[in-house]
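Q: If you scroll down you'll find the structure; I have some questions about it.
None of the figures in this text is laboratory data; all of them are computed from the coordinates on show. Nothing here was measured: the structure is a model prediction, and the numbers come from that model. As a convention, Cβ positions derive from the backbone with ideal geometry for all residues, glycine included, and neighbour counts pool all protein chains shown.
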Amino acid sequence: MNIFKFGSLFTAAIMIISFSACSSEQNTALQETGLFAMDTYMTLKANGKNADTALKLAEERIRTLEVELSVTDVESDIGKINSSNGIAASVSDDTAELISAGISYGEKTSGALDISIYPVLSEWGFTTGEYHIPTEKKLAELLENVDYSQVRITDNDVVVPEDYKIDLGALAKGYTGDKIMEVFRENDVNSAVISLGGNVQTLGSKPDGTDWRIGVKDPFSPDIDFCVISVKDKAVVTSGNYERCFTGDDGNQYWHIIDPQDGYPADNGLVSVTIIGNSGLMCDALSTALFIMGTDKAVSYWKEHNDFDMILVTDDARVLYTEGISEKFDNTGNMTSEVITND
């Protein structure tokens, strides 16, 4: 297992399926690189006169963020914060920006997203692979030190209370995707698609001018897709209960998306949440937070904000998707689907 760990990070169940439809000439126009970073395999594909340079700079950007954000590296920004014993720790601009965003999304989601959940994730074994079911007493003790609002940041100085530990895994790959897109734009890339262990983000359309087609896995049969979404200039991020999970001694399945209210895997009626939006960071944050909220609260959140689209899969095998993607959504599976409208 790679030293880099994001405790709440999932391997999003998204697959890029667009390339099978490209001609060999169009495939040649897309330059590609792959790398293992942030505990996952990443692929970057770009088209443009400076694509080769852009891909190299993007890889450097990823490596820098990996060093800064690792939760298990004591020398990283997160490692320094988590071992600071309540004393201010100075961090990079990236880390400061991401922590500020984490606090903001904690407020926006009424604590469903909580960057201080790391000790609970670790206790379940989701960061180490040594899975076990914690006692209620132990979870209650750990939850006393879980509260994103207690994280303080002033410029680049971060203070967390003693016995608090943070993890930016629910945000980091989305943020990384946004930063890669910045690199691409600065280097005249006009068409690109990246997969950061499943988090997919696109720049423009395909080289032939058509939309990218992104398949989303069926949470009940993860070897197949249940839908395809056509997008351009969008991020597509999924959280599901079928990734990074284990079967306990009691025969029940437990997954890594933890509800900060009780310290248990979120079990509020959803098995998969896909967010489609302009920002990878937003999509990453909301895919976790809305999964924790459950169907009704997720729909209410979308209606209140209405600056993203989403696909929800319920535990009784229903698919709900928002009206903004109604013409871009292709149901390729066997589940019934219906459109959510903002009425």
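Q: If I take R0 = 35 Å and measure r between the Cβ atoms of K49 and D307 in this structure, what FRET efficiency does the formula 1/(1 + (r/R0)^6) give, to the nearest 0.05?
A: Between K49 and D307 the formula returns 0.60.
Q: If you don't mind, another one. If you average the alpha carbon positions of segment 254-305 and of segment 201-227, how far apart do those two centres end up, in angstrom?
A: Each part reduced to its Cα centre gives a spacing of 20 Å.
Q: Checking the cross-link filter: which aspartates and glutamates have an alpha carbon closer than 12 Å to that of K138, excluding same-chain neighbours under 8 positions apart?
A: Straight-line reach from K138, under 12 Å: E123, D262.
Q: What pairs in K232/K297; K80/K297; K173/K206; K179/K232; K49/K328; K108/K328 have C-alpha atoms more than 26 Å from each other?
A: Among K232/K297; K80/K297; K173/K206; K179/K232; K49/K328; K108/K328, the Cα-Cα distance tops 26 Å for K232/K297; K80/K297; K49/K328; K108/K328.
Q: For a footprinting-style exposure proxy, rank E243, E60 by other Cβ within 10 Å, fewest first.
A: By the 10 Å Cβ count, ascending: E60, E243.
Q: Within 9 Å, Cβ to Cβ, of G269, how many net charges do the neighbouring residues add up to if Lys/Arg are +1 and Asp/Glu are -1?
A: That works out to -4.
Q: Listing D259, D309 from the residue with the fewest other Cβ atoms within 10 Å to the one with the most, what is the order?
A: With the sparsest Cβ surroundings first, the list reads D259, D309.
Q: Where does each of 147-153, 173-179, 136-142 land if you order them by average Cβ count within 10 Å, highest first?
A: Result, highest mean first: 173-179, 147-153, 136-142.
Q: Could I ask something else about it? So how do S221, S92 line up by other beta-carbon neighbours within 10 Å, fewest first?
A: Least to most surrounded, the residues fall as S221, S92.
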